[in-house]
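Undergrad: Below you'll find the structure I mean.
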Amino acid sequence: MTTSAHMTTGAHTALAPARARTASATATVRRKQGFQHGGWFVAPFLALFALFVIWPLLRGVYLSFTDANISGDGASFVGLDNYREALNDSAMWDALGHSAYFTLLVVPCITVLAFLLAMLAHNIERGKWLWRLCFFVPFLLPSTVAANMFQWLFTQGIGLINETFGLTTPWLTDKSYAMLAIVIETLWWTVGFSFLLYLAALQGIPDHLYEAAKLDGANAWHRMVHITLPMLRNITGLVITLQILASLQLFDQAVVMMDFSPGPELSTRSFVQYTLEQGFTSYRVGYASAMSIIFFVIIAVVALARMWLLRNREEGGR
Amino acid sequence: MTTTQIRVRTRKPWTPGQIVLTLIGVAVSAVFVAPIAAALLTSFKSEAEAAAIPPHWLPEVWTAQAWKGLWETGNITNWFVNSLVVSVCVTSVVLAVSALAGYGFARTEFRGKSVLMGIVMGGLMISPAVLGVPLFTTVQQMGMVDTYWGMILPQCAPAAMVYILYKFFQGIPRELEEAAFIDGAGRWRVFFTIVVPLARPSLAAVGIFTFIASWNNFLWPYMVTNNPDLMTMPNGIATVMNSYGIQWAQLMAGGLMAGLPLIVVFVFFQRQIVAGVAHTGLAGQ
C-alpha cells in the first residue's frame, strides 16, 4: 500500500516538476478546500461495508463465544468451548483436510495449465479471438451449471467421459475418485481466468527484449527461460495466491456434483460445507461461527504471507 | 494492448511451426468446448434418451421437449428475471459506491483515512464462504431473508473493486483536477465531469466483472433464499431442478439458459471483457 502510493506521487512530480512549484501556493489553498470532506465520497461504501462485512465479522466473533442457535435467542456465554470443541473435532479436521487436499491438487495444475494455454494462444498467429473464446468460455458459466454438466458426464453408465475414453471408473461414488472428479471439473471451469491474466502479461512483455536476445543468438528455449519466465514472475505469484484463496473456499462444485451430500464416505465434504451444515442443518450457530473465525484466520494468514513475500522481494530485489 | 496487436496482425505464411501449434490449439479447444456441446446436444434428446446406457453424443431423435418442459414448469422465467434484477442492481450499486469510495480514498483527505483504508483492505479476505453463518444471522436480524434486499445488499460491498478503482484514480494527474478547482469547480463537479469520464475503461472493467460474479453467484443466494419464486438461475437450477429425480435433458437446457446470456454477451464484447478481466486481475499484482 505504502509503496504504491509513494510511486504514484513520484511519477506525478516527475511529470510536471516546474509547474507544480509555481502553482503550489495557490494549489495548497485550493487543495485544502477541494480535497477536504472526502468523507462523503467514502460514506456510502463504508456504510455497506460496515453492515455486511465488519458487523458480521464482529458478530461472528461474539457468537463464537456462545451456544447460539439459528433463532438467535437464549444464547449463553460459553467462553472458549466452541474453539476447544472445534480443535478436537475430527470431522472438522477431515473437512479442512479435504479443502487443503483440493487446493494442493488444483493450484499447481491450474497455474501450469493456464501458462501453457496462454503460451499457445499467444504464439498462434491466426484466430486469436477463437482460442480466447474457447479457453475462457467455461468460466462464464455459473458454478452450478458447470458442476451439473460434469456430474452428468461423470455419472457411471450414462456419462460420456467413461464412454469416450472406454473407462468404467466410478467417479462420483468411490472415495478415491470423487475429489479427483471435482478437481477435473474445477480445472475446466476456472482455468480461463488465470489464462487471461497470463495472456495479458505475455502481451505486456516488450518485443524489443526478444529481438535483442535473438540478436545475441539466444534460441527459443533460452528466450523463454531468461525473458518470458522472469517477466511472468509477478503474475504467477498473483495467480497462485488468488487460486489458493479461491480453492480453500471450495463449496459450489463439490455440493452440486455430489447432489448436496458430503460425497462417498464424506470424502468431499469441504470446510465451508461442514460449517454450513453445523449452522443450518444442526442449527449450531455458535459452533459454526467459531469455525468461520478459524477459517478467517487461515485465509488471513495466506493473504498476509503473500503481502510479506511481496514486500521482501521489493526490498531485496530492486 | 490486446486490440492494437490484433489490428496490426496481417496474413502470415503457414510455417510448419504454426501448423503444429494451430493443430494443438484445435485439439485443446475441442476439449474445452466438448462439455458445453454435449450439454447442448443432450438438451435436444428425450429424457429417456438422455439417461440411456450406453450414452451417445448425437440425439437419435431430435426433440425440443426439454426446452418446452422448461418453459411450462414456469419457475425458470421467474429465476431469469430474479437473476437479472439482482445482477443489475448489484452492478449499479457497486459501480456507484466503489467509484466514489475509490476516489475518496485516492484523492481526498479526511480524518482516519489510512486506518479506514487498511480496514477495507482487510475486507478483501472476507466472503460469504468465509463468514456465511454470521452474515446470515445478521441479514436475518434485519428481516431480509427471502427478499431481494437480502440477496443484493451483501454483494454490494466488494473491497476488491474499491481497491482497483483506488489504484486507477491515484494514477490520474492531480493537475487536471487542480486546474478545475482554480476555475471554481466544486469537488463533485470535478468528480463527475473530469474523473469519471477518464475512468470509463476501469469502470467498465469493474462493471463487467461484478455482473459476471453476481449473475453466477450461487452460495449467497442459496443461503438467503428458500422461496423458489425468489431464486436466481444458478440457485434454482441447482436446488429445485436437482431435487425431484434429475431430468438430465431439462437440466442441461436450464443450465444453458443460465449460461448462454453471458456467453452471447462475451462473443459480442470480447475485447472489453478480456481487457476487463485482465485489468481487474492485474491491478492486484
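Undergrad: Pick out the one residue from B:G123, B:G150, B:G143 that is in contact with a helix residue (DSSP H, G or I) (Cβ under 6 Å, 6 or more places away or on another chain) and more than 8 Å from every other protein chain (Cβ to nearest Cβ).
TA: Working: B:G123 fails: more than 8 Å from every other protein chain (Cβ to nearest Cβ); B:G143 fails: in contact with a helix residue (DSSP H, G or I) (Cβ under 6 Å, 6 or more places away or on another chain).
Only one candidate qualifies: B:G150.
Undergrad: Taking segment B:241-270 only, how many residues are at pLDDT below 80 and assigned to a helix (DSSP H, G or I)?
TA: Total meeting the criteria: 3.
Undergrad: Report the residue count in segment A:140-161 for those that are more than 13 Å from B:P54 (Cβ to Cβ) and either at the interface with chain B (Cβ under 9 Å from one of its Cβ atoms) or not in a helix (DSSP H, G or I) (or both). Talk me through it step by step, then tell me what you get.
TA: Our first condition is that a residue be more than 13 Å from B:P54 (Cβ to Cβ); within segment A:140-161, this holds for A:140-154.
Keeping just the survivors that are either at the interface with chain B (Cβ under 9 Å from one of its Cβ atoms) or not in a helix (DSSP H, G or I) (or both) gives A:140-153.
Counting residues in segment A:140-161 that are more than 13 Å from B:P54 (Cβ to Cβ) and either at the interface with chain B (Cβ under 9 Å from one of its Cβ atoms) or not in a helix (DSSP H, G or I) (or both) gives 14.
Undergrad: Next question. Restricting attention to segment B:232-264, which residues are over 17 Å from the mean Cα position of the chain (by Cα) and of a type in the set (A, V, I, L, M)? Show your work before the answer.
TA: We begin by selecting, within segment B:232-264, every residue over 17 Å from the mean Cα position of the chain (by Cα); these are B:236-254.
Listed by number, the residues that qualify are B:I237, B:A238, B:V240, B:M241, B:I246, B:A249, B:L251, B:M252, B:A253.
Undergrad: Could you count how many residues in segment A:266-304 are more than 18 Å from B:V130 (Cα to Cα), assigned to a helix (DSSP H, G or I) and small (G, A, S)?
TA: Qualifying residue count for the region: 0.
Undergrad: Something else: Within the group A:T103, A:T168, A:T164, A:T111, which residue is more than 7 Å from chain B (Cβ to nearest Cβ) and under 27 Å from B:Y222 (Cα atoms)?
TA: On inspection, the qualifying residue turns out to be A:T103.
Undergrad: If you don't mind, another one. Quick check on segment A:54-77. Is at least one of its residues without any contact (Cβ under 8 Å) to a residue 24 or more places away in the chain, part of a helix (DSSP H, G or I), under 20 Å from A:Q273 (Cβ atoms) and under 20 Å from the mean Cα position of the chain (by Cα)?
TA: Within segment A:54-77, none of the residues are without any contact (Cβ under 8 Å) to a residue 24 or more places away in the chain, part of a helix (DSSP H, G or I), under 20 Å from A:Q273 (Cβ atoms) and under 20 Å from the mean Cα position of the chain (by Cα).
Undergrad: Pick out the one residue from A:T236, A:T281, A:T268, A:T241 that is within 9 Å of chain B (Cβ to nearest Cβ) and either of a type in the set (S, T, Y) or in contact (Cβ under 8 Å) with a residue 60 or more places away in the chain (or both).
TA: Checking each option against the conditions leaves just A:T241.
Rundown of residues vs (1) at pLDDT 95 or above; (2) buried (at least 16 other Cβ atoms within 10 Å of the Cβ), yes/no style:
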position	(1), (2)
A:R59	no, yes
A:Y62	no, no
A:D67	no, yes
A:G72	no, no
A:S76	no, no
A:D81	no, yes
A:L96	yes, yes
A:S99	yes, yes
A:L104	yes, no
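Undergrad: Just the residues that are of a type in the set (A, V, I, L, M, F, W, C) and either facing chain A (nearest Cβ under 8 Å) or under 20 Å from B:V264 (Cβ atoms) (or both), please, taken from segment B:15-30. Can you show your working first?
TA: Going through segment B:15-30, the residues of a type in the set (A, V, I, L, M, F, W, C) turn out to be B:19-21, B:23-24, B:26-28, B:30.
B:L21, B:I24, B:V28 - these are the residues of segment B:15-30 that are of a type in the set (A, V, I, L, M, F, W, C) and either facing chain A (nearest Cβ under 8 Å) or under 20 Å from B:V264 (Cβ atoms) (or both).
The values are calculated or read from the model by the stated rules, or taken from the named source; none is laboratory data. From a predicted model like this one, the values you see are computed outputs, not experimental measurements. So basically every Cβ, Gly included, is an ideal-geometry build from the backbone, and we count neighbours across all protein chains shown.
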